[in-house]
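Here's the structure we're looking at; comments come further down.
The values are calculated or read from the model by the stated rules, or taken from the named source; none is laboratory data. Predicted model only: the values in this text are computed from it and were never measured. Reconstructed Cβ throughout: ideal geometry from the backbone, glycine too, with neighbour counts over all protein chains shown.
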């Protein structure tokens, strides 16, 4: 059983993933954290050096590798669903949960984080809105379950996912 968590930046994927892995005794991975630990460089720096395309290539490689494992919880980067291959891997190797999160919540959660390369050049609200428009249908396409995170704590979101896994997994 693999649990894959997708959604926009600021949706709580990493926090929720850690809670789920702890409660279900599964190994937790985060694609961004894996990239950073393996390269010794921040995501921000990789974006500056290699651009988004270079980063996405690294992200796809990490996903391919981690998806071969079993009994994991994997929190992904917000743009992982942009690739057809990545969506195929996610769909075929685990149960995918999309953390649907309103723009205002994303804004609030990302406002103090300066390591968000896609939010550096322009109005974060407009950027998040544009990313939402571009990606929402891809999140929905790949998701086995959509979890609306509005007005829920990370623990409540994790509990909802755990309940779904136990009832339908």
Selection count, the range 69-110, where residues are in a helix (DSSP H, G or I), surrounded by 21 or more Cβ atoms within 10 Å (Cβ to Cβ) and at pLDDT below 95: 1
Search the range 115-136 for residues that are farther than 22 Å from residue 148 by Cβ and pair each with any residue that is outside any helix (DSSP H, G or I) and modelled with pLDDT of 85 or more when their beta-carbon atoms are under 7 Å apart and the residues are at least 6 apart or on different chains. 115/42; 116/9
If I go through the range 140-154 residue by residue, how many of them are part of a helix (DSSP H, G or I) and either in contact with a helix residue (DSSP H, G or I) (Cβ under 6 Å, 6 or more places away or on another chain) or more than 24 Å from residue 94 (Cβ to Cβ) (or both)? 2
Hits in the range 111-144 - residues which are surrounded by 14 or more Cβ atoms within 10 Å (Cβ to Cβ), at pLDDT 95 or above and either farther than 16 Å from residue 101 by Cβ or in contact with a strand residue (DSSP E or B) (Cβ under 6 Å, 6 or more places away or on another chain) (or both): 139, 142, 143, 144
Restricted to the range 19-51, and to residues that are free of Cβ contacts under 8 Å to residues at least 12 places away in the same chain and in a helix (DSSP H, G or I), which residue is nearest to residue 143 (Cα to Cα)? 22
Within the range 17-64, take every residue that is over 13 Å from residue 76 (Cβ atoms) and in contact with a strand residue (DSSP E or B) (Cβ under 7 Å, 6 or more places away or on another chain) and give me the one that is surrounded by the most Cβ atoms within 10 Å (Cβ to Cβ). 20
